[in-house]
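Every number in this text was worked out from the coordinates using simple rules, so none of it is lab data. Owing to the predicted nature of the structure, the values given are computational and were not obtained by experimental measurement. Quick reminder, even Gly has a Cβ in these numbers, built from the backbone with ideal geometry, and neighbours come from all protein chains shown.
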Amino acid sequence: MVLTEKLKGCEKRCGHTLIELIIVLAVVSVIIAVSVSSIGNFLSRSRLKNSAEDITSTLRWARRLAITKIEVYRVVFNPKKRKYWVENEEGNVLEKKQSLEENIIFANPELYKKGEEDGIVEFNDPDDNSFSFYPQGTAEAGSIYLQGKGNREWYTITIASTTGYVKVYPEKH
C-alpha cells in the first residue's frame, strides 16, 4: 500500500527527459573525443622516441663492433624506404635491415645544405647516407633528424667525430 502511494506521486516525474539524455550523451562524447586525441598524440610521441632510441642503439653497436673487431663498420640509411642497417667494409649486412616505426620519417632539417634534405647530414662525406665507425673509437661526424608525420616534434641524433659518441636530443638540434 505504501509503495502504490509513492508510485502515484511519481507519475509526472519518473525517469529522465529527452533533453537530459541528450546533454549526458554530448558530455560523454566530448570526453571520449578528448581522450582519443590525447592517446593519438601519446602514441605518436612514443613511436618517435622509440625510433630515435633504436637508431642510437644501432649506431653505438656499430661503434663497439669497430673497436672490438678492429675493423671499420658503418651504419647505412635509406631515407626513402625508411630503413637502416650495419655493414662491414666489404658491404656485408650484419643483421636484417631495420625500419623506422609507423609515421616516423627522416626529416629535412632545413639547414639549406645542398644534398642534405633527406634528414641524414654527414659532415665528412656529404650525401652518402652512412656513418662510419673506426677501430680507434672515432667516427664520421653528423646528425640524423627524425620527425613524426603530421606533427612538429623532432629528435636529433648527433655523432661526434673525435670520440664516436652518439647523443640523442628530443628537439631539432
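First measure r as the distance between the Cβ atoms of Thr163 and Glu102, then evaluate 1/(1 + (r/R0)^6) with R0 = 35 Å and state the FRET efficiency to the nearest 0.05.
Working: r = 33 Å, r/R0 = 0.95.
Working from the Cβ atoms, E equals 0.60.
At most 16 other Cβ atoms within 10 Å and a DSSP loop assignment: could you name the GluC sites (Glu not before Pro) in the stretch 41-112 that fit? Before the final figure, lay out the partial values.
Values: sites: Glu53, Glu71, Glu87, Glu89, Glu90, Glu95, Glu101, Glu102, Glu110; in loops: Glu71, Glu89, Glu90, Glu95, Glu101, Glu102, Glu110.
The qualifying sites are Glu71, Glu89, Glu90, Glu95, Glu102, Glu110.
Run the quick spin-label model on Arg152 and Arg82: label points 7 Å from Cα toward the beta carbon, then report their separation in nm to one decimal.
Spacing of the two 7 Å Cα→Cβ label points: 2.3 nm.
Between Ser37 and Ser57, with labels modelled 7 Å along Cα→Cβ, what's the label distance in nm to one decimal, could you check?
Using points 7 Å along Cα→Cβ, the separation is 3.4 nm.
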